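Student: What follows is a single structure, and I will ask about it in a moment.
The values are calculated or read from the model by the stated rules, or taken from the named source; none is laboratory data. Owing to the predicted nature of the structure, the values given are computational and were not obtained by experimental measurement. Positions of Cβ are generated from backbone atoms using ideal geometry, with glycine treated the same way; all protein chains shown enter the neighbour counts. All accessible areas refer to the heavy atoms of the entire protein, side chains included, with ligands and DNA or RNA removed. Shrake-Rupley method; radii C 1.70, N 1.55, O 1.52, S 1.80 Å.
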Amino acid sequence: MAEKSKGQKLSETLSYKKKNYFEESSEKVRKEMFDYAEGYKAFLDAAKTEREGCAEAVRLAKEKGFTRYELGDSLKKGDKKYYVNRDKSVVVFRIGEKNPEEDGVRIIASHIDAPRIDIKQNPLYEDGNMCFLKTHYYGGIKKYQWTAIPLALHGAVVLFDGKKVDICVGEEAGDPVFCINDLLPHLGRDQMSAPASKIVEGEQLNVLVGGLPYADEEVKEKVKLTVLSILNEKYGMKEEDFLSAELSAVPAFTARDIGFDRALIGAYGHDDRVCAYPALTAVLNNDSAHTVLAMLVDKEEIGSDGTTGMQCQVYEDLIEEIALAFGANFRKVRANSKALSSDVTAAYDPNFAGVYEKMNAALVSCGTCMNKFTGAGGKSSSNDASAEFVGEIRKAFAENGVVWQTGELGKVDAGGGGTVAKFIAKMNIDTVDLGVPVLSMHAPYEVISKADLYSTYKAFLAFMK
Ligand code: MN
Ligand code: MN
């Protein structure tokens, strides 16, 4: 090869270019990426709702010797704990050697809820010899995407006597599944000319759950009675028990490799389990001198409100508990803490190139993506991390060989979105967004790159080091 010219050398030294993590990796690292992805796919299949995400995180934490913590329990250096918030959110944490007053804590916050179709409180009805459940969608979805695909029902019902029954139908081989019907194109003339938000409307998202009439001439709604009798037999449920139920219809398909080369993963709910899993495993596999916490929270998709969302006081309380355990000043602990708000970002999709600004869009396989700011319009409602904090993270990544990139959600004024970053920042904790670029975000089937998944895990380890 001819020797590089002075200008070529200078250009290489001075110019910035994103790197493809696959290309940057040895065979050994590539194998690690693919192996790590197997654990992630199993997590995805086991954790389609926040309740299941919480239970699965607890299961994995227990395997690594973490034990349950309740507010007020004593804490000491080296403790490996998990705190369960109402079975929908969990904080897995490890107390480090360093003094929390001087060193603060290291937080990685991700969410384990995902867009889906929730069942209403009085949902069951019969029409046209079929039985349906009425629904209210959860999170920002394109409603038309949720028709004509197999759906599973997940959730919990609290019966009249207070007993909680978990329900999960449509995941096991041999299980029936459910679906939302769509209109045949032959009769779709009006539908096809409607705006996408009206192709299928909210009140048309009814889940088909039965079709067998109960064998009794005296009964009016025979199909509904068949469904009710099965629910009663299997779960001890009566129709009234839907009042105190949280049931969700989620895509029934499992996580699968995408592509001849298996570089990508297709699944429901990468947002944000693709960050929650690395956050969790980074804390589980950690021996840092810092105190580290993976906060896996609920309700991000609907604004982080409620007792299990990031805005709940309990996450701050937990940091205060850690401070108290070491007689540390709570305010100083927070001031010296650092956080990654770990959520997905939009991956550049050449099929929709028009909404991206390519120089500042996350590219698939170029590693975990830092979004200095999120928000909409003029960065409205964004955390917008400081250059100082970004610089600090950048240095840690460089020192640990993390292949990463920066990005923003899309073109200026193309739309926007938010994360939990601003709620952590409100506690006086430096925070920046970092997570996996996702294709088809919020669709029933989203796609990510195995390189970006693994890069996120490596980035978290570097952050907590
Ligand atoms: Mn998200
Ligand atoms: Mn989302």
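Student: Scan around ALA361 for amide H atoms under 5 Å from its own, H built in the peptide plane at 1.01 Å from N, and keep only partners 5 or more places away or cross-chain.
Tutor: Hits under the 5 Å cutoff: GLU408.
Student: Once you have all Cα-Cα distances for the range 320-465, histogram them in 5 Å bins from zero and send the whole-percent values.
Tutor: The percentages, shortest bin first, are 2, 10, 17, 21, 19, 14, 8, 4, 2, 1, 0, 0.
Student: Within the range 254-357, report the chymotrypsin sites (Phe, Trp or Tyr not before Pro) that DSSP leaves as loop and that have at most 10 other Cβ atoms within 10 Å.
Tutor: PHE260
Student: Another question about this same structure. Could you let me know the centre-to-centre spacing of the range 126-163 and the range 293-337, using Cα atoms, in angstrom?
Tutor: Each part's Cα centre sits 32 Å from the other's.
Student: Something else now. In the range 1-43, what GluC sites (Glu not before Pro) fall in a loop by DSSP, with at most 11 other Cβ atoms inside 10 Å?
Tutor: Working: sites: GLU3, GLU12, GLU23, GLU24, GLU27, GLU32, GLU38; in loops: GLU3.
Here the GluC sites (Glu not before Pro) that fit, given the DSSP loop and packing criteria, are GLU3.
Student: Kirkwood-based Rg over Rh for the range 359-406 (C-alpha set), two decimals?
Tutor: Computed over Cα atoms, the ratio is 1.01.
Student: Now for a different question. Quick one: work out the % antiparallel among DSSP beta bridges in the chain, nearest 5.
Tutor: The answer is about 70 percent antiparallel.
Student: Using mean Cβ contacts within 10 Å as the protection proxy, how do 331-344, 196-209, 177-190, 402-415 order, highest first?
Tutor: Peptide ranking by packing, descending: 331-344, 402-415, 196-209, 177-190.
Student: Additional query: Residues with amide H under 5 Å of MET310's amide H, sequence separation 5 or more or different chain, H placed in the peptide plane at 1.01 Å from N; which?
Tutor: The answer is ASP298.
Student: Here is a follow-up. Can you give the accessible area per residue of the chain, in Å², using a 1.4 Å probe?
Tutor: Value for the chain: 47 Å² per residue.
Student: Compute the separation of the alpha-carbon centres of the range 425-443 and the range 27-82 and state it in Å as a whole number.
Tutor: Answer, in whole Å: 20.
Student: Continuing with this model, one more query. Pairs of Cα atoms under 8 Å, at least six residues apart: use those to get the relative contact order of the chain, whole percent.
Tutor: Normalised by residue count, the contact order of the chain is 22 percent.
Student: Taking the full set of protein chains and a 1.4 angstrom probe, give the accessible area of LYS64 in square angstrom, rounded to the nearest 10.
Tutor: About 100 Å², ignoring ligands and nucleic acids.
Student: Against the 2.2 N^0.38 Å scaling, with N counting residues, where does the range 131-202 land? I'd like the Cα-based Rg ratio to two decimal places.
Tutor: Against the empirical 2.2 N^0.38 Å value, I get 1.43 for the range 131-202.
Student: Could you check the spin-label model distance between LEU184 and ASN428? Points 7 Å from the Cα along Cα→Cβ, value in nm.
Tutor: Taking the two extended label points, one gets 6.7 nm.
Student: How much length is gained on full extension from MET130 to ARG86, taking 0.36 nm per residue of separation minus their Cα-Cα distance? Show your work: numbers first, answer last.
Tutor: Working: separation 44, 0.36 × 44 = 15.84 nm, distance 3.56 nm.
Extending this stretch completely gives an extra 12.3 nm.
Student: Counting only protein heavy atoms, what percent of the accessible surface of the chain is carbon or sulfur at a 1.4 Å probe?
Tutor: 52 percent
Student: Follow-up question, since we're still on this one. Mind ranking 366-373, 304-311 by how tightly packed they are, going by the mean number of other C-beta atoms within 10 angstrom, highest first?
Tutor: Top to bottom by mean Cβ count within 10 Å: 366-373, 304-311.
Student: Taking the convex hull of the Cα atoms, report for the range 142-261 its projected area averaged over all directions, in nm².
Tutor: Orientation-averaged projected area of the Cα hull: 11.5 nm².
Student: Over every pair of different alpha-carbon atoms in the chain, take the mean of 1/r and invert it; report that Kirkwood radius in Å.
Tutor: Details: mean 1/r = 0.0422 Å⁻¹.
In the chain this quantity evaluates to 23.7 Å.
Student: Quick check: residue separation of ARG394 and THR67 times 0.36 nm, minus the Cα distance between them. What number comes out in nm?
Tutor: Extra length available between ARG394 and THR67 comes to 114.4 nm.
Student: Next question, about the same structure. Treat each spin label as a single point 7 Å out from the Cα along the C-beta direction, and report the SER244 to GLN8 distance in nm.
Tutor: 7.5 nm
Student: Considering all projection directions equally, how large on average is the shadow of the alpha-carbon convex hull of the range 48-113, in square nanometres?
Tutor: Values: hull surface 19.2 nm².
So the Cα hull casts an average projection of 4.8 nm².
Student: Post the alpha-carbon centroid distance, the range 177-239 to the range 389-416, in whole angstrom.
Tutor: Here the answer is 45 Å between Cα centres.
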